[in-house]
Amino acid sequence: MAYPAQIEALVQKGWLWQGQEVPAHKAEQHFLSSGWAELDTRLGGGWLQGSVNELQVQQPFIGELALLLPLLAQPQTRVLWVNPPVQPYAPGLSYQNLVLHQHVVVHESDDKLALWAAEQALQSNAIDTVLIWHTGLSATAVRRLQQAAEAQQKLAFVITSWQQQEEARAYVTRLQLERADSLSIRILKRRFGWPLPAFSCGVDSRLPRRRRAL
């Protein structure tokens, strides 16, 4: 659909949401289970294959990686980690049944090069899933990642701090994670559905006992 130049400019800047119709054959979409029944139900089946998803965390290490563990631990899943806040702890990953040689870590202080690495990985046959830590991607950057992920049917997760801006982004899902006694998830955006209030997710079952007490 063609838009007037003024409206198109707003879409490009991420200041305007572009609505979509629910496809007639929604069953044709391929979802990967998140490993958490309560989350799968609310997302309509799990993580949509060929999507970029945002995890907004109240603070680092509140359970965001535990949330992704069922996906990352799949035997054939090859993962690129871009700018994790600390070096991943190999014995801990092994404890969670991750195959270490299938995980590649990239540290790049230049944001443009970090995004380039993530985009190249999504276009490559050598990587299935990309994790990227960033303080806040522009609408253009998210759109480029989403185009690459959709074209190659890959998954990407952008892990960032809680965001204050209301600008639109091309993320398929946007989740806001918070921890009190347990991890709670608020769905800010999901595919073909309204945002949802916070609910508890049992990720602590995947954490060592000493971590649950933190």
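Normalised per residue, the accessible area of region 89-214 is 55 Å², obtained with a 1.4 Å probe and no contribution from ligands, DNA or RNA. For region 83-206, the carbon plus sulfur part of the accessible surface works out to 53%, probe radius 1.4 Å. The spacing between region 102-142 and region 23-83, judged by their C-alpha centroids, is 17 Å. Label reach from GLN49 (point 7 Å along Cα→C-beta): in region 84-115, no amide nitrogen lies under 13 Å. A crude spin-label estimate for the pair ARG186 and SER109, with each label 7 Å from Cα along the Cβ direction, gives 3.5 nm.
The values are calculated or read from the model by the stated rules, or taken from the named source; none is laboratory data. In this text the structure is predicted, and so the values were computed from the model without any measurement. Note that we place each Cβ from the backbone using ideal geometry, even for glycine, and neighbour counts take in every protein chain shown. For the accessible areas, the whole protein counts, side chains as well, though only heavy atoms, and no ligand, DNA or RNA atoms are used. Shrake-Rupley method; radii C 1.70, N 1.55, O 1.52, S 1.80 Å.
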